[in-house]
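**Q** Supplied in structure tokens, the structure appears directly below.
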Amino acid sequence: MKKRLCWKIGIILVTVIIVLIGINFSMLCYSLSPDTNRTDTAAHYQLLFETYPETRPWVDSLRQAEALRDTFVTMPTGERHHALYVRKGSNKTAVILHGWRDCSIDFLFLARLYERELGYNIVAPDLHAHGLSEGDMIQMGWFDRKDVLCWLSIFQTDTMVVHGVSMGAATTMMTSAEQLPEGIRDIHFVEDCGYTDVWDEFTSEMKNRFGLPPFPLMYTSDLLCKLCLGWSFDEASAIDAVQRSPHPMLFIHGSSDTFVPTEMVYRLYDAKAAKKALWIADDAKHAESYLTHKDEYLQQLKDFLADK
């Protein structure tokens, strides 16, 4: 009887472990797998023009002047990464970082602001496993910060801005704590609706989408991510980076953001020692602060960048 009971318990435990591993793989694939249509540039441009009609004539004018250039570089990892580059002949350059499962094209509305209204050259990379850049799994900004350092070095000018939205905002914050290329005299960072860390963001999504608590899936998925991909959820921390960052940073968040809860921006802002500014866009949902407050968004940028 005891042997039979032990066998039953063993079978149940093995079954639970197999099921748990399967769920964890599914969770990681759901969270970190690239968009299957990521290379469909025509579809991305169509959505951009529909959402931000003012970008169509701007992009058309750049194309006619052959000023919107596709640039490919080989990263230290050996991967080939892509960026859109607009050279305005300025000593100022803005690096625009897109969100989760987006690409550089999707955020050309911000590139237009910097090029047309503020006089910056533009570098808009496709992050690892996004757009035309190589990569198998999304890194949620953690290893992407090293790629951003490469783009900063390649397109270095006296004055630079790194401006990211959502996952791109987390990447922006993580980059801000790194040793930057020598020769950049003035650099500012703008984070728009970024998360505190990947653990917090995934925990929030599990609760909001599926009504699940962190234990046990977050813990086992975190371990699986570390074993398979080389990084952990709490290691990928924007809030830790912000605490160490010495550079000026503008924090932007929509007051009605539920995908990256608005409360996160207050913790991020409080963690930053100095040289900081905060703007909460009234009634804006996730990544829609510019869409719903275009004039005020531009003014916030002007004020922040003018403050040395």
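**Q** Which ones in the stretch 278-308 are charged (D, E, K, R) and in contact (Cβ under 8 Å) with a residue 60 or more places away in the chain?
**A** Listed by number, the residues that qualify are Lys302, Lys308.
**Q** If you don't mind, there's one more thing I want to ask. Please go through the stretch 181-205 and pick out each residue that is touching a residue at least 60 places away in the same chain (Cβ under 8 Å) and not acidic (Asp, Glu).
**A** Across the stretch 181-205, the qualifying residues are Ile187, His188, Phe189, Val190, Cys193, Gly194, Tyr195, Thr196, Phe202.
**Q** Kindly establish whether Leu217 is closer than 19 Å to Met206 by Cβ and surrounded by fewer than 18 Cβ atoms within 10 Å (Cβ to Cβ).
**A** No; evaluated as a whole, the condition is false for this residue.
**Q** Among residues belonging to the stretch 74-130 that are polar (S, T, N, Q) and not in a helix (DSSP H, G or I), point out the one that is surrounded by the most Cβ atoms within 10 Å (Cβ to Cβ).
**A** Result: Thr93.
**Q** Quick one: in the stretch 260-271, which of the residues that are over 25 Å from Ala306 (Cα atoms) and free of Cβ contacts under 8 Å to residues at least 40 places away in the same chain is farthest from the chain's Cα centre (by Cα)?
**A** Among them, the one singled out is Glu263.
**Q** Can you find, within the stretch 59-73, the residue that is nearest to Gln299 (Cα to Cα) among those that are touching a strand residue (DSSP E or B) at 6+ places or on another chain (Cβ under 7 Å) and either of a type in the set (Asp, Glu) or surrounded by fewer than 14 Cβ atoms within 10 Å (Cβ to Cβ) (or both)?
**A** Arg69
**Q** Cβ-Cβ below 8 Å, separation at least six or inter-chain, first residue in the stretch 208-227 and over 18 Å from Met137 (Cα atoms), second surrounded by fewer than 16 Cβ atoms within 10 Å (Cβ to Cβ) and modelled with pLDDT of 85 or more: which pairs?
**A** Cβ pairs passing all conditions: Asn208/Thr258; Pro213/Lys207.
**Q** Can you pull out every residue in the stretch 272-289 that is within 21 Å of Phe107 (Cβ to Cβ) and assigned to a loop (DSSP other than H, G, I, E, B)?
**A** Ala284, Lys285, His286, Ala287, Glu288
**Q** Just one of the numbered conditions (1) exposed (fewer than 10 other Cβ atoms within 10 Å of the Cβ); (2) modelled with pLDDT under 95; (3) small (Gly, Ala, Ser) is not true of Gly10; which one?
**A** Here Gly10 clears every test but (1).
**Q** Something else about it: Can we say Lys275 is in contact with a Pro (Cβ under 9 Å, 6 or more places away or on another chain), free of Cβ contacts under 8 Å to residues at least 40 places away in the same chain and not hydrophobic (A, V, I, L, M, F, W, C)?
**A** Yes.
Listed here are the residues, each with its yes/no results for (1) in a helix (DSSP H, G or I); (2) crowded, with 18+ Cβ neighbours inside 10 Å.
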position	(1), (2)
Glu235	no, no
Leu250	no, yes
Tyr266	yes, no
Asp270	yes, no
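**Q** I need the full set of residues from the stretch 153-180 which are among the small types (Gly, Ala, Ser), touching a residue at least 60 places away in the same chain (Cβ under 8 Å) and not in a loop (DSSP other than H, G, I, E, B), in order please.
**A** Gly164, Gly168, Ala169, Ala170, Ser176 - these are the residues of the stretch 153-180 that are among the small types (Gly, Ala, Ser), touching a residue at least 60 places away in the same chain (Cβ under 8 Å) and not in a loop (DSSP other than H, G, I, E, B).
**Q** Output the number of the condition that Glu296 fails; it satisfies all remaining conditions of (1) outside any loop (DSSP other than H, G, I, E, B); (2) surrounded by fewer than 15 Cβ atoms within 10 Å (Cβ to Cβ); (3) under 19 Å from the mean Cα position of the chain (by Cα).
**A** (3)
**Q** Out of the stretch 152-176, which residues are among the aliphatic types (A, V, I, L, M) and surrounded by fewer than 19 Cβ atoms within 10 Å (Cβ to Cβ)?
**A** Ile154
**Q** Tell me which residues, restricted to the stretch 108-138, are closer than 18 Å to Gly230 by Cα and either in contact with a His (Cβ under 6 Å, 6 or more places away or on another chain) or without any contact (Cβ under 8 Å) to a residue 24 or more places away in the chain (or both).
**A** Gly135
**Q** Under the condition of being over 21 Å from the mean Cα position of the chain (by Cα) and among the small types (Gly, Ala, Ser), which residue from the stretch 272-293 is surrounded by the most Cβ atoms within 10 Å (Cβ to Cβ)?
**A** Among residues in the stretch 272-293 that are over 21 Å from the mean Cα position of the chain (by Cα) and among the small types (Gly, Ala, Ser), the one surrounded by the most Cβ atoms within 10 Å (Cβ to Cβ) is Ala273.
**Q** Hey, could you check the stretch 220-233 for residues that are small (Gly, Ala, Ser) and either surrounded by 13 or more Cβ atoms within 10 Å (Cβ to Cβ) or farther than 23 Å from Ser166 by Cβ (or both) and say which is nearest to the chain's Cα centre (by Cα)?
**A** Filtering the stretch 220-233 for residues that are small (Gly, Ala, Ser) and either surrounded by 13 or more Cβ atoms within 10 Å (Cβ to Cβ) or farther than 23 Å from Ser166 by Cβ (or both), the one nearest to the chain's Cα centre (by Cα) comes out as Ser232.
The values are calculated or read from the model by the stated rules, or taken from the named source; none is laboratory data. Everything numeric here is computed off the predicted structure, so don't read it as measured data. Here Cβ is always computed from backbone atoms with ideal geometry, including for glycine, and neighbour counts include all displayed protein chains.
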